Structure formats: C-alpha cells, structure tokens
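Inspection log for the structure reproduced underneath, given as structure tokens.
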Amino acid sequence: KRIAFKTLLKHALLEVGQGLVLDEPETNATILANGKLQSNGYIGSIHQLGAKLKGTPSCNGWVHWHYEDEQTGKRYPIDNLRKQFRAEFTD
C-alpha cells in the first residue's frame, strides 16, 4: 500500500521544521508544513528535491533522505518510518 510523505507528518513520525539529510551529496533540508522539503533555495517533494540536488532525472526520496534517531544519534532512511507506519497503522 502506498504511503504519502505527509502521512508520516500527520502521525508524528516526522515533524514540520525537522531536518533531513540527503545522502550524496550530503545536504540538509527542512520539512515544510505542506509536506515538501526546502534546501539551498529549492522546494520540492522528497523525490523532486532529491533529484535536483543530486543532478539526476529522478530520485527515490524514501531511500536517499535520512532522519536522525534522537535516541541513538544514528541516521536512517525515511523508508524505515514508512515501514513502521505500515506495521502499526495498516492491515
């Protein structure tokens, strides 16, 4: 089942204003209230902004954007949160 990025915000798995990090080139972005990311003067979806910053035609944002786990300080792909949502909230 498809899970929208905004769904992670709605269920507090991510928060507006939270930072994410693109893997390569390592770039910081901020989550906006509309579910888009902002970085280096650009705004776009996790896929659009990832592709723009990587200089590629497309980007799987679920894999290339990472969040920092507050307890461990380690970074994980946001796809982990999508998997967590599926396990907790869907049948």
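The values are calculated or read from the model by the stated rules, or taken from the named source; none is laboratory data. Quick caveat: nothing in here was measured; it's all calculated off a predicted structure. Counting neighbours? That spans all protein chains shown, and the Cβs are built from the backbone with ideal geometry, glycine included. Just the protein is used for accessible areas: all its heavy atoms, side chains included, with ligands, DNA and RNA removed. Shrake-Rupley method; radii C 1.70, N 1.55, O 1.52, S 1.80 Å.
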**Prompt:** With respect to residue 83, is the statement that it is touching a strand residue (DSSP E or B) at 6+ places or on another chain (Cβ under 8 Å), at negative phi, outside any strand (DSSP E or B) and open to solvent by 50 Å² or more (accessible area, probe 1.4 Å) true?
**Reply:** no
**Request:** Taking the residues in segment 26-47 that are open to solvent by 20 Å² or more (accessible area, probe 1.4 Å) and small (Gly, Ala, Ser) as candidates, determine which candidate is nearest to the chain's Cα centre (by Cα).
**Result:** 45
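Go over the candidates 20, 8 one by one and state the one that is part of a helix (DSSP H, G or I), aliphatic (A, V, I, L, M) and open to solvent by less than 60 Å² (accessible area, probe 1.4 Å). Write out each step before concluding.
Values: 20 fails: part of a helix (DSSP H, G or I).
Answer to the selection: 8.
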**Item:** Filter result for residue 50 (surrounded by 14 or more Cβ atoms within 10 Å (Cβ to Cβ), assigned to a loop (DSSP other than H, G, I, E, B) and small (Gly, Ala, Ser))
**Value:** no
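The rows are residues; the columns are (1) in contact with a Leu (Cβ under 7 Å, 6 or more places away or on another chain); (2) of a type in the set (A, V, I, L, M, F, W, C); (3) farther than 19 Å from residue 17 by Cα; (4) at pLDDT 95 or above.
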residue: 50; (1), (2), (3), (4): yes, no, no, yes
residue: 56; (1), (2), (3), (4): no, no, yes, yes
residue: 60; (1), (2), (3), (4): no, no, yes, yes
residue: 68; (1), (2), (3), (4): no, no, no, yes
residue: 77; (1), (2), (3), (4): no, no, no, yes
residue: 81; (1), (2), (3), (4): yes, yes, no, yes
residue: 88; (1), (2), (3), (4): no, no, yes, no
residue: 91; (1), (2), (3), (4): no, no, yes, no
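Which one of these is in contact (Cβ under 8 Å) with a residue 12 or more places away in the chain, farther than 20 Å from residue 85 by Cα and small (Gly, Ala, Ser): 51, 33, 29?
Working: 51 fails: in contact (Cβ under 8 Å) with a residue 12 or more places away in the chain; 33 fails: farther than 20 Å from residue 85 by Cα.
Criteria check complete, one pass: 29.
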**Request:** Would you mind telling me which numbered condition in (1) open to solvent by 70 Å² or more (accessible area, probe 1.4 Å); (2) of a type outside the set (Val, Ile, Thr); (3) touching a helix residue (DSSP H, G or I) at 6+ places or on another chain (Cβ under 6 Å) residue 59 fails?
**Result:** (1)
**Request:** State which residue is nearest to residue 11 (Cα to Cα) when the search covers only segment 27-47 and only residues that are part of a loop (DSSP other than H, G, I, E, B) and aliphatic (A, V, I, L, M).
**Result:** 33
